[in-house]
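Written out below as structure tokens is the structure these notes cover.
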Amino acid sequence: MADPSSYRPKPGQIPDSPGVYKFRDEHRRVIYVGKAKSLRQRLANYFQPLTSLHPRTATMVTTAASVEWTVVATEVEALQLEYSWIKEFDPRFNVKYRDDKSYPYLAVTMNEEFPRVQVMRGAKKKGVRYFGPYGHAWAIRETVDLMLRVFPVRTCSAGVFKRSAQIGRPCLLGYIGKCAAPCVGRVTPEEHRELAEDFCDFMAGRTGTYLRRIEQQMMAAAEDMEYERAARLRDDIEALRKALEKNAIVFNDATDADLIAVAEDELEAAVQIFHVRGGRVRGQRGWVTDKVEAVDTAGLVEHALQQLYGEETGDSVPKEVLVPALPEDADAVSGWLASRRGSNVSLRIPQRGDKKALMVTVARNAQQALALHKTKRASDLTTRSRALEEIAAALDLDSAPLRIECFDISHLQGDDVVASMVVFEDGLARKSEYRRFQIKSFEGQDDVRSMHEVISRRFRRYLAEKVRTGEWAEEESQEGAEVIGAEPGGLPAAVSGEVSALQEEDGRPKRFAYPPQLLVVDGGQPQVAAAKRALDELGIDDIAVCGLAKRLEEVWVPEEDDPVVLPRSSEGLYLLQRVRDEAHRFAITYQRAKRTKRFKAGPLDAVPGLGDTRKQALIKHFGSVKKLRSATIDEICEVPGIGRKTAETVAAALAEAVPAAPAVNTATGEIIEEDDGGSTT
């Protein structure tokens, strides 16, 4: 931490003129950029006693190790240079609005010979007309689909356009009248460009004149008894009006303005912008930022204006910008905006009327955006931390369980017994660490024995990794010698066979290399006891174990007769339920996949030379394997493509195959009968 007095400029060194200043840290990185009407007065504010400074400002000046400045001629130049330096250096203590998404624009590529209408994101390109931004790309496509009836501008890609020109046939839009088909010469480049310009004029808000012109053409066609043309023009008018209805009418006049509102608290701020063009809301966007510097609403507005218009020119900067508070150098900011637009820009606070009412709506959106951001952040940070702390307190753990592993057993009436392991780190699912197991040591239904096997296999791999890296010999050699079945040096005999599996390729840990702080099993006392016994047999005593029983959502711990009961509203219980349910989902998904694979392997699969086509023909002819099994050889020969030799082979294979006992849906009790190819439904 630096002492600001160590790099404070000497009296008289700082000029009393407009300029931009930079604070740098000890590594010469720029950590803050600011501007001032008077550099001398502004910089003097940073070198007051630390107790007099705002906490964020105090943090900045103690992080910095030097300050430097650049003198400019006007405040507008200072604003431009400040924006450029913020973009260049990305200082950590400057307000930076984080856009939560890339907003789509409706773009017309007027820089091409045949302009194209499309959805565009990212940096704007020279020669392209942009409208928006829109909240969703589908909103653009709906608007364009309505307007292509009246303005059949090209929307296809360069590849499609070139291909249509080569084969001399337009695409589907050309056939249905939603493209003028310049690719095949239906219109000249000049006529197509005129269509694109009309499209742009309409989207820019000059709608009244165009609609009146089409209405006059419709009336003239009706008077000349060209009723089909009049009907088409009538439908064109209706399509344009529907497109206009998608943009809410705000003002009666053709107002072009951006309305900016700010919602803030001590730590964060949210900005919402409504783009009004031609008296209608054409787009909306929002940003959220951490208040890393001491800044008020006026300062937040100024930063928002810089980010919003720093890369814009021409009509992208509106004639009017309405804000909740004027920046400190309002005239300089207005001048900067005017230089970006090329004409005067009005920067003001709305006082009354429709614009004031719309500003209230924008402010309400900003408040909601900030509340939503805080809700997400609380869910991500505060709530998860509280849940882990509650679990640690309930289970009497030394610290919060940052890594939790949960195991579940799944089977169907004792068949296809599998297990799952899911991992949550810092309260979030880590799916790359999920594992699944097949029960190998026995057949049949025994959840307790299955749990013991799975836990043993998982932690044998963990111990094998510790042996490979040398941790076991250093840390647990003395204790491990007392473990039943341990080999000299403290390594359990069951582990020695696992070591080689982890010494492949580059030797990095492949699986099961990291232990959890908490092991959760889906079940009650028996499953918890089995898991604890598996750990004890391996000599592992630094992993907490608990079980979550489904019936009453009780938390069981080893060697306790009574469960731990967490309140229903407990965040800790909610996290354990999420972990348990995720383990159950992962296990049952694997079990169903194995069952489906087994059922698909029907008795016909064993018939040599019988491919999928003829198997399907047999099942289609007889309806099921059960009916095919009872058919005679002559009846099987009636199936197209089945000869007598094949029929005899099929009959013999089905006679040897013993029909499986009918499966039962344990949830409903209904019998699951055989279907195509021996599968079940």
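Structure notes:
- Pairs from the table (LYS440/LYS466; LYS87/LYS178; LYS124/LYS319; LYS126/LYS162; LYS124/LYS178; LYS620/LYS645) lying more than 32 angstrom apart at Cα are LYS87/LYS178.
- Listed peptides 156-167, 277-288 appear in the order 277-288, 156-167 once ranked by packing, highest mean of other Cβ atoms within 10 Å at the front.
- Computed over protein heavy atoms with a 1.4 angstrom probe, the accessible surface ordering of LEU211, LEU106, largest first, is LEU211, LEU106.
- Put simply, the convex hull of the Cα atoms in segment 1-48 casts, on average, a shadow of 3.5 nm².
- Net length available on complete extension from THR382 to VAL564 is 63.2 nm, with 0.36 nm assigned per residue and the Cα-Cα distance removed.
- Accessible area expressed per residue, segment 11-80, with surrounding protein chains retained (probe 1.4 Å, Å²): 49
- Amide proton proximity set for ILE31, modelled H, under 5 Å, gap of 5+: PHE23, ARG24, ASP25
- Of ARG458, ARG578, ARG644, the residue with the largest accessible area leads and the full order is ARG644, ARG578, ARG458 (1.4 Å probe).
- Taking all protein chains together and rolling a 1.4 Å probe, THR382 ends up with roughly 80 Å² accessible.
- Within the accessible area of segment 1-125 (1.4 Å probe), percent carbon and sulfur: 49
- By a 1.4 Å probe calculation restricted to protein chains, PHE424 has an accessible surface near 10 Å², given to the nearest 10.
- With a Förster radius of 56 Å applied to the beta-carbon distance between LEU50 and TYR434, the computed FRET efficiency rounds to 0.65.
- Normalised per residue, the accessible area of segment 145-228 is 58 Å², obtained with a 1.4 Å probe and no contribution from ligands, DNA or RNA.
- The listed residues GLU559, GLU320, GLU77, once ranked by accessible area (1.4 Å probe) with the largest placed first, stand as GLU559, GLU77, GLU320.
- Neighbour-limited loop hits for GluC sites (Glu not before Pro), segment 428-470 (at most 13 other Cβ within 10 Å; DSSP other than H, G, I, E, B): GLU443
- Of the trypsin sites (Lys or Arg not before Pro) found in segment 419-455, those that fall in a DSSP loop while having at most 16 other beta-carbon atoms within 10 Å are ARG430, LYS440.
- For segment 307-444, carbon and sulfur atoms together expose 45% of the accessible surface, with a 1.4 angstrom probe and every protein chain in place.
- Short-range pairs are left out: with C-alpha atoms under 8 Å and at least six residues apart, the relative contact order of segment 1-134 is 25 percent.
- Per residue, the accessible area of segment 348-449 comes to 55 Å², computed with a 1.4 Å probe over protein heavy atoms only.
The values are calculated or read from the model by the stated rules, or taken from the named source; none is laboratory data. No experiment lies behind these values; they were computed from the predicted model shown. Cβ sites come from the backbone with ideal geometry, for glycine too, and all protein chains shown count toward neighbours. Accessible surface areas use protein heavy atoms only, side chains included; no ligands, DNA or RNA. Shrake-Rupley method; radii C 1.70, N 1.55, O 1.52, S 1.80 Å.
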